[in-house]
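Below is one structure; the comments refer to it alone.
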There are 2 protein chains.
Amino acid sequence: MEEVIGYLQNNQEKYVEELKEFLSIPSISTSKENKNDINNAASFVERKLKEAGMNRVEIIQTEGHPLVYGEWLGAPGKPTVLIYGHYDVQPVDPINLWSNPPFEPVVKNGKIWARGATDDKGQMFVHIKSVEAFFKIMGSLPVNVKFIIEGEEEIGSESLEKFISQNQSMLKCDAVLISDTALYDKGIPTLTYGLRGLCYMEIEVTGPKRDLHSGSFGGAVANPANVLAKIISKLQDKNNKITIPHFYEDVVKLTKKEKEDFKALKFSERGFAKELGVAELQGEKGYTTLERIWVRPTLDCNGIIGGFTGEGAKTVIPSKATAKISMRLVPNQDPQKITKQFEKYVKSLAPASVKLKIKAIHGAYPVLFPQDNPATLSAAAAMQKAFGKKTIFMREGGSIPIVTTFSKKLKAPCVLMGIGLNSENLHSPNEHFDLNHFKLGMLSSAYFLNNYSL
Amino acid sequence: MEEVIGYLQNNQEKYVEELKEFLSIPSISTSKENKNDINNAASFVERKLKEAGMNRVEIIQTEGHPLVYGEWLGAPGKPTVLIYGHYDVQPVDPINLWSNPPFEPVVKNGKIWARGATDDKGQMFVHIKSVEAFFKIMGSLPVNVKFIIEGEEEIGSESLEKFISQNQSMLKCDAVLISDTALYDKGIPTLTYGLRGLCYMEIEVTGPKRDLHSGSFGGAVANPANVLAKIISKLQDKNNKITIPHFYEDVVKLTKKEKEDFKALKFSERGFAKELGVAELQGEKGYTTLERIWVRPTLDCNGIIGGFTGEGAKTVIPSKATAKISMRLVPNQDPQKITKQFEKYVKSLAPASVKLKIKAIHGAYPVLFPQDNPATLSAAAAMQKAFGKKTIFMREGGSIPIVTTFSKKLKAPCVLMGIGLNSENLHSPNEHFDLNHFKLGMLSSAYFLNNYSL
């Protein structure tokens, strides 16, 4: 085992160079223009899995973006781990706020800077490298391993969802290992046992059939931008509670133990506000910030557009205004049920003077895992060994839609061994990834595979 | 006089070709990229004034876009008319909704289609041509005439405002003649005796210093897009009354005579709604549509943008969201006073969790003119003669900021002899101008110059 660890430590520089190559591919899954890049990213992963020593490595075409699969089942009697990751990335706008181009990775201050660095290329890469180390040193792995790497995580994982449903025996495993979450803080080994779900909607309000002069027509017709603003404003009350009828009905209450565990983390609200550059935090009345992010549902307008948005003035009443609204869900909220509640409520808010189109863009179920299964215990010990500190358990505000599917269809616990940081600008300009965590992630992965075989 | 009219009628086709040339120049005043086109449009007007026979034609440079001036003072003892127009035009977005390119004018169905056709290139052009006809036929004009044509009407007329203040004796006149408003309906000769004013503002709400992942951070910070929506929603109540404190204090009430005159126009609310493509009209409770447009102040969001507005989904909390909000004012509201009231109220609506920037983009005073001065009476008779129908008097919802300045500084009545139609898509894609009105406008202009000399 020491040799495996030594091998990983000695090859750091080479791995960073390989990661750079991976990060140079603009595999933005939501953008049709980047379809070739998506294919290139999938091919890159295929090649790296083959080089690592995995068997049966293949690209699986889907109706959407391709999946990459690889397996090694040479440890009979030992458990099987399914390792998941995604090679697709978020869009890069606003591009002008990036200090260096998002797909020209650079190493600076012990971090690697590029779109996808922490979400999820850098994180998923550690497992390919830990497997490689075992093959190079031992010629085999301590447990059976399958990889399934997708290219649609940022747009709803539709193809993988379908693939899992139709290929449960191929993906059969005892645990799923995923690195696509965050450490609680720099250098603190962390396992995440709960994720929020998601319900992402689009509202389009149409008024007059063309843009109108706001002088000649102002006052006579409903203005779609004003109507849209009114609709959005009515989705939350003054205590920042969501006003959609029945919205909170299925929400599982925070346990006393969780409340205490969270409190013990001594989270600094002031430090958090400062890091985000806001004078004051704001959220649902009656909850702490960690509770608001981890265990309470929320609603955000992710984008809004309508009318004249250039420099200066244009006196129009826009014909149309559109907003993207998403809700983060918590156990046991059901995104399909929430979608219907949202649609019904928004329809009730729109006057007859406008036309309304509501579209469900994507959804994800929230999840919670027990902390005491063998895979999770192995992972906690592995991270403790790699980081030299006791592993803490936390929840996470983001969603990994596919995690619920793994959990439900494969009936296996998911180990969320995230090694990113929430401050690493995932989904924002200047995304980056701590290279020390990159190294500790590889070691954690290797220790985990070993621990889990014992 | 008959010969003058005959000359104008015989030269229609030539004038349409000249207008096409004028409309081919993309003189968008708000766009820095079009500075050359602005200069070209000014030169075009200069050339046409010279060709018409005006004296002392010159381009006057300003800190903004140039003015074009021309005069002919060869009728001592007769009144002096100052003719105003503007050669600048509105932006063209959304460009994809234009049936033909906005700066490639085409004639179709008796109309000319291009940006600026009705607002204001086509309308101002009729006066240049009526003057030309007098010079060609009579060698002189029946009254003294000055032209002042500007290039900043769509962005607030700042340079002309300044020029008028500093050159009152140069611009001295007995009446100002302006064609930049609309006929009440197709073929109905109309004079406009009141215009609404304007107060155009921009609100920028900034939250976290960067875009944030709405999963990892959602619920913990104020979302600028949600806050902006809330602010906008609070500017009007459920009866579509504006909620800014003291907003209605200076509003002059509609007279009983006006109420009756408006009613006599038999305006079809149903036809209006149908033409705009809306199922229902919507406006301030307690007023008819004409009253809402002509004599009541209004508030519209002219544009809004923030966060991810592309195709699909991006789960961000935007760092910033911006809206353009304008209010149409009526006598005796003061745009400067309204600006302050707006700022104070909007500030009171923003939580401490965001930063707020409020910018006044431009403003205009509302105006009302008496209907019985000699210039207006001459104009009413002129239009009646040209159109063959009795001239009606109406008010207009739009603003021509400069009209107040003419009225105040030059102490002269303004004759608003508009020959456009509000349905001609001014400020929208597919702007056009009725060529029959173009002809009748020239005749009206010629009859007016003659009548006013008597």
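Can you compute 3J(HN,Hα) from phi for each residue in region B:92-97, using the Karplus curve 6.51 cos²θ - 1.76 cosθ + 1.60 with θ = phi - 60°, rounded to whole Hz and x for Gly and Pro?
10, 5, x, 4, 5, 8
Under a cut-off of 18 Å between alpha-carbon atoms, report the lysines in cross-link reach of A:Lys359, not counting same-chain residues fewer than 8 places apart.
Within the straight-line cut-off, A:Lys359 pairs with A:Lys320, A:Lys324, A:Lys337, A:Lys340, A:Lys344, A:Lys347, B:Lys314.
Which distances, shortest first and in nm, link B:Asn373 to the matching position in the other copies, using label points set 7 Å out along Cα to C-beta?
Taking the point 7 Å beyond Cα along Cα→Cβ, the inter-copy spacings are 8.5 nm.
If one computes the Cα centroid of region B:271-333 and of region A:210-280, what distance in Å separates the two points?
Spelled out, the Cα-based centre of one part sits 22 Å from the other.
For region B:268-361, what log10 I(q)/I(0) values come out of the Debye formula at q = 0.14 1/Å, with one point per alpha carbon and no solvent?
-0.80
State, to one decimal in nm and shortest first, how far the label point of B:Asn36 sits from each corresponding label point in the other identical copies (label point: 7 angstrom along Cα-to-Cβ).
Listed shortest first, these distances are 3.3 nm.
Classify region A:11-92 as rounded, prolate or oblate from the Cα gyration tensor: take a ≥ b ≥ c as the square roots of its eigenvalues, call it rounded if a/c is under 1.5, otherwise prolate when a/b beats b/c and oblate if not.
oblate
What nm distance separates the two modelled labels at A:Ser99 and B:Lys409, each placed 7 Å from Cα along Cα→Cβ?
A separation of 5.1 nm, rounded to one decimal place.
Quick one: work out the % antiparallel among DSSP beta bridges in chain A, nearest 5.
70
So what does the Cα-only Debye profile of region A:79-139 read at q = 0.17, 0.19, 0.21, 0.30 Å⁻¹, as log10 I(q)/I(0), no solvent term?
-0.71, -0.81, -0.90, -1.25
Work out the mean other chain Cβ neighbour count within 10 Å for the residues of B:427-437 and drop it here as an integer.
Across B:427-437, the average partner-chain Cβ count within 10 Å equals 2.
Which of the lysines could a cross-linker bridge to B:Lys390, judged by Cα under 21 Å and excluding same-chain residues fewer than eight apart?
B:Lys186, B:Lys257, B:Lys259, B:Lys263, B:Lys266, B:Lys439
If we hang a label 7 Å off Cα along the beta carbon direction at B:His246, how far is it from the matching labels on the other copies, in nm, shortest first?
4.9
When 1/r is averaged over all different Cα pairs and the result inverted, which Kirkwood radius in Å belongs to region B:1-144?
Mean inverse Cα-Cα distance, inverted, gives 16.3 Å.
Ordered by residue, what ³J(HN,Hα) values in Hz, to whole numbers, does region B:14-31 give under the Karplus form 6.51 cos²θ - 1.76 cosθ + 1.60, where θ = phi - 60° and Gly and Pro are x?
Along region B:14-31, the couplings run 4, 5, 5, 5, 5, 4, 4, 4, 4, 6, 6, 8, x, 7, 7, 6, 7, 9 Hz.
For region B:267-274, in order, what is each residue's ³J(HN,Hα) by Karplus, 6.51 cos²θ - 1.76 cosθ + 1.60 with θ = phi - 60°, in whole Hz (x at glycine and Pro)?
Once rounded to whole Hz, the list reads 5, 8, 5, 5, x, 5, 4, 5.
Quick check on the exposure proxy: order A:Met138, A:Met417 from fewest to most C-beta atoms within 10 angstrom.
Sorted ascending by nearby Cβ count, the order is A:Met138, A:Met417.
Take B:Arg270 and B:Glu51, extend 7 Å from each Cα along the Cα→Cβ direction, and tell me the distance between the two endpoints in nm.
Reported label-point gap for B:Arg270 and B:Glu51 is 4.9 nm.
Which of A:Leu67, A:Leu73 has the fewest other C-beta atoms within 10 Å, and how do the rest follow up to the most?
A:Leu73, A:Leu67
Roughly how many Å is it from the Cα centre of region A:118-173 to that of region A:373-415, as a whole number?
15
Sorting B:Glu311, A:Glu284, B:Glu63 on the 10 Å Cβ count, fewest up front, what's the list?
So the ranking, lowest neighbour count to highest, is B:Glu63, B:Glu311, A:Glu284.
Beyond 19 Å, what share of the Cα-Cα pairs of region A:172-268 is found? Please give it as a whole percent.
70
How large are Rg and Dmax for chain A when calculated on the C-alpha trace, in angstrom?
According to the Cα coordinates of chain A, Rg and Dmax are 23.3, 80 Å.
Over the alpha-carbon set of the protein assembly as shown, divide Rg by the Kirkwood Rh and report the Rg/Rh ratio to two decimals.
Using only Cα positions, Rg/Rh for the protein assembly as shown is 1.10.
Please give, to one decimal in nm, the separation of the simple spin-label points placed at A:Asn10 and B:Asn430, each 7 Å out from Cα toward the Cβ.
7.3
Each reported figure results from applying straightforward, stated rules to the coordinates on display, with no laboratory input. On a predicted model such as this, the values are computed, not experimentally measured, just so you know. We place every Cβ from the backbone using ideal geometry, glycine too, and count neighbours over all the protein chains shown.
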